[in-house]
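Worksheet: the structure to be examined is printed underneath.
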């Protein structure tokens, strides 16, 4: 075993508590559980209150937009106060939000207010905090540790909808909301106790003026544009993939199977790409993955459903990379004392692109080119992001600075 490999293994052994806490936190955080379970509640809220599906789609947009707006504030708070305090308060707000959703009386305006307040006040219980803790604890195994952390989101995406659906069928939708709140109430102290084992994750290191200077000096604008373009090209395909495949001739069952392949490769991508980030220059890893993904989208548009499975695999693989890359690159280009602020701004940009992506795809479809034109448009965005990744500068500072 090489010295580098043994060093990575030693880091994983010594830091497993922080890694487990961050993985649980990411899987149960505000950018995971509310978003991956929201769709399951849509039919129930339609029947209970007569709200339309279009109205409920506005709810998801409000939640995402609020989280995007709150993320830079959460990042600055984490830099100033450390990970633990903001995370505890945000987990409490997340729990309270689900309790309020369970007892809501049927006012749509109140429903939107609950979603907005939950997203804003729980914004520190997100990858901003959990990747900060991991980056503080890991260096040589940082990429794999981030991949494992954000695999928690993939596991939540795979398991939470089915579990919540079972709960709704057995006990009703109000009880299902309450059960989510109970799960978070039990899990929150465990997450905090695991993260407390890492003193580096508690205290900030960098002054406000120093962070501002680093924002000017580092490749911030370059990365912000890159992640927005990447999100526009990729994120909306989660929503559009199944109807796209049906439009190209697949049955609903076949399309669902292909979407399942994409979901599996989101999890695989987080781990494999995290492993690669520890061994190769991260922007080149990102560029290669995105070029392959763009190629898969072009092949799907050109060849149709015969290439649906490999295209979905590459799409899922690259979707396993974006949030990992934000955390990894921020920690390599900026000191950890300013990590929260930089990550929060980039994460907000990524969420903004995620919100634009379905609209972008819908406009391309409506223009007369159908889903083939949409696939080519998405491929162009992904390819532009690949070129942008490849042009990033070398890491000019030590990883632990």
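The values are calculated or read from the model by the stated rules, or taken from the named source; none is laboratory data. Bear in mind the structure is a predicted one, so any value in this text is a computation, not a measurement. Glycine also receives a Cβ, built like all others from the backbone with ideal geometry; neighbour counts cover every protein chain displayed.
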Those residues of segment 344-359 which are buried (at least 21 other Cβ atoms within 10 Å of the Cβ) and under 23 Å from residue 305 (Cβ atoms) amount to 357
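Does segment 67-83 contain any residue that is free of Cβ contacts under 8 Å to residues at least 12 places away in the same chain, assigned by TED's automatic domain parsing to the domain that holds residue 178 and out of contact with any strand residue (DSSP E or B) (no Cβ under 7 Å at 6 or more places or on another chain)?
Of the residues in segment 67-83, the ones free of Cβ contacts under 8 Å to residues at least 12 places away in the same chain are none.
Within segment 67-83, none of the residues are free of Cβ contacts under 8 Å to residues at least 12 places away in the same chain, assigned by TED's automatic domain parsing to the domain that holds residue 178 and out of contact with any strand residue (DSSP E or B) (no Cβ under 7 Å at 6 or more places or on another chain).
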Among the residues of segment 327-343, write down those that are over 16 Å from residue 78 (Cα atoms) and surrounded by 24 or more Cβ atoms within 10 Å (Cβ to Cβ). 328, 329
Do we have any residue at all in segment 22-31 that's out of contact with any helix residue (DSSP H, G or I) (no Cβ under 6 Å at 6 or more places or on another chain), crowded, with 17+ Cβ neighbours inside 10 Å and in the same structural domain as residue 156 (by TED's automatic domain parsing)? yes
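Checking the condition touching a residue at least 12 places away in the same chain (Cβ under 8 Å), farther than 21 Å from residue 135 by Cβ and either out of contact with any strand residue (DSSP E or B) (no Cβ under 7 Å at 6 or more places or on another chain) or surrounded by fewer than 19 Cβ atoms within 10 Å (Cβ to Cβ) (or both), which residue from 286, 312 passes?
Details: 286 fails: farther than 21 Å from residue 135 by Cβ.
Result: 312 is the single residue among 286, 312 that is touching a residue at least 12 places away in the same chain (Cβ under 8 Å), farther than 21 Å from residue 135 by Cβ and either out of contact with any strand residue (DSSP E or B) (no Cβ under 7 Å at 6 or more places or on another chain) or surrounded by fewer than 19 Cβ atoms within 10 Å (Cβ to Cβ) (or both).
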Considering every residue within segment 33-48, establish whether at least one is more than 23 Å from residue 169 (Cβ to Cβ) and either in contact with a strand residue (DSSP E or B) (Cβ under 9 Å, 6 or more places away or on another chain) or not assigned by TED's automatic domain parsing to the domain that holds residue 235 (or both). no
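Quick grid of which residues meet (1) part of a helix (DSSP H, G or I); (2) surrounded by fewer than 15 Cβ atoms within 10 Å (Cβ to Cβ); (3) modelled with pLDDT under 85:
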site: 144; (1), (2), (3): yes, no, no
site: 149; (1), (2), (3): yes, no, no
site: 154; (1), (2), (3): yes, no, yes
site: 159; (1), (2), (3): yes, yes, yes
site: 206; (1), (2), (3): no, no, yes
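Listed here are the residues, each with its yes/no results for (1) modelled with pLDDT under 85; (2) part of a helix (DSSP H, G or I).
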| position | (1), (2) |
| --- | --- |
| 5 | yes, yes |
| 8 | yes, yes |
| 34 | no, yes |
| 42 | yes, yes |
| 51 | no, no |
| 58 | yes, yes |
| 62 | no, yes |
| 88 | no, yes |
Of the residues 106, 97, which single one is more than 19 Å from residue 271 (Cβ to Cβ) and not in a helix (DSSP H, G or I)? 106
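Looking at 232, 164, 200, which one is within 22 Å of residue 134 (Cα to Cα), in contact with a helix residue (DSSP H, G or I) (Cβ under 6 Å, 6 or more places away or on another chain), modelled with pLDDT under 95 and part of a helix (DSSP H, G or I)?
Details: 232 fails: within 22 Å of residue 134 (Cα to Cα); 164 fails: within 22 Å of residue 134 (Cα to Cα).
The conditions single out 200.
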Between a residue in segment 111-126 that is closer than 25 Å to residue 23 by Cα and outside the structural domain of residue 38 (by TED's automatic domain parsing) and any residue that is surrounded by 24 or more Cβ atoms within 10 Å (Cβ to Cβ) and modelled with pLDDT under 95, which pairs come within a Cβ distance under 8 Å, given they are 6 or more apart or on different chains? none
